[in-house]
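Below: one structure, written as structure tokens.
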């Protein structure tokens, strides 16, 4: 992949052209100044608020199926966006989530991947061997957002027409519990996402709060001045 050779030229981490436009590394780049109405399309959703509803066609086990957010009521859901099919970082993330998917299922959590590609392109990519950059099959749905409405609703649609690497943890009541947004060149860690889901589920069930680097076998904190001292005395 090429790099910047002159100030003002943007990296193309996907390795693809979109017409005459190259996808910028990020809207925050000092060399990329967006109009206010485009800047305001980013980061419009917040934790503790209902997740934007969505409905669309997904590829599940080689078949096309309509899915919606309401289908996942009562379960935790990891909804992650990636820029485009048949690219480079994206298959590593999607396959990593597929490998980890059984662990998510064990804790009553589902996973959905989403991009602005069509469901036909999703299927073609799934049918492409992994050794040639394909997905080689997948254990969870890939959702098509061809009209870009879902990415826009979640505040991660770039002016170039693709989404940032947004990831949203949604609880069983449809409330956003966690949001992370990566710039295009860097993928995400499913193990960390799994840890976060477990932490939110623990706090839901027990009312105690989870400190930094919490794991299921780690101590937690009672959220009051007196009770919290038990934790601090234990770990310090």
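Starting with the highest mean, order 133-141, 76-84, 217-225 by the number of other Cβ atoms within 10 Å, averaged over the residues of each peptide. Before the final figure, lay out the partial values.
On the way: 133-141: 18.2, 76-84: 23.4, 217-225: 11.8.
Averaged packing, sorted descending, gives the order 76-84, 133-141, 217-225.
Full-extension gain between residue 88 and residue 191, please, as 0.36 nm times their residue separation minus the C-alpha to C-alpha distance.
On the way: separation 103, 0.36 × 103 = 37.08 nm, distance 2.02 nm.
In short, 35.1 nm is gained.
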Between residue 208 and residue 106, take the C-beta separation as r, use R0 = 22 Å, and let me know the FRET efficiency to the nearest 0.05.
0.50
Column: log10 I(q)/I(0), Debye, Cα scatterers of segment 40-188, q = 0.09, 0.12, 0.13 Å⁻¹:
-0.24, -0.44, -0.52
Quick one: order 152, 192 by neighbouring beta-carbon count within 10 Å, fewest to most.
192, 152
Using a Förster distance of 41 Å, how high is the FRET efficiency between residue 180 and residue 236, based on the Cβ-Cβ distance and rounded to 0.05?
0.90
For segment 196-236 and segment 56-110, what is the separation of their Cα centres, given in Å?
29 Å
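Could you rank the peptides 209-215, 184-190 by their average count of other C-beta atoms within 10 Å per residue, with the highest value first?
Details: 209-215: 12.7, 184-190: 17.0.
Final packing ranking: 184-190, 209-215.
Every number in this text was worked out from the coordinates using simple rules, so none of it is lab data. Note that this is a predicted model, so its numbers are computed, not measured. With ideal geometry, Cβ positions are generated from the backbone for all residues, glycine too; neighbour counts draw on all protein chains shown.
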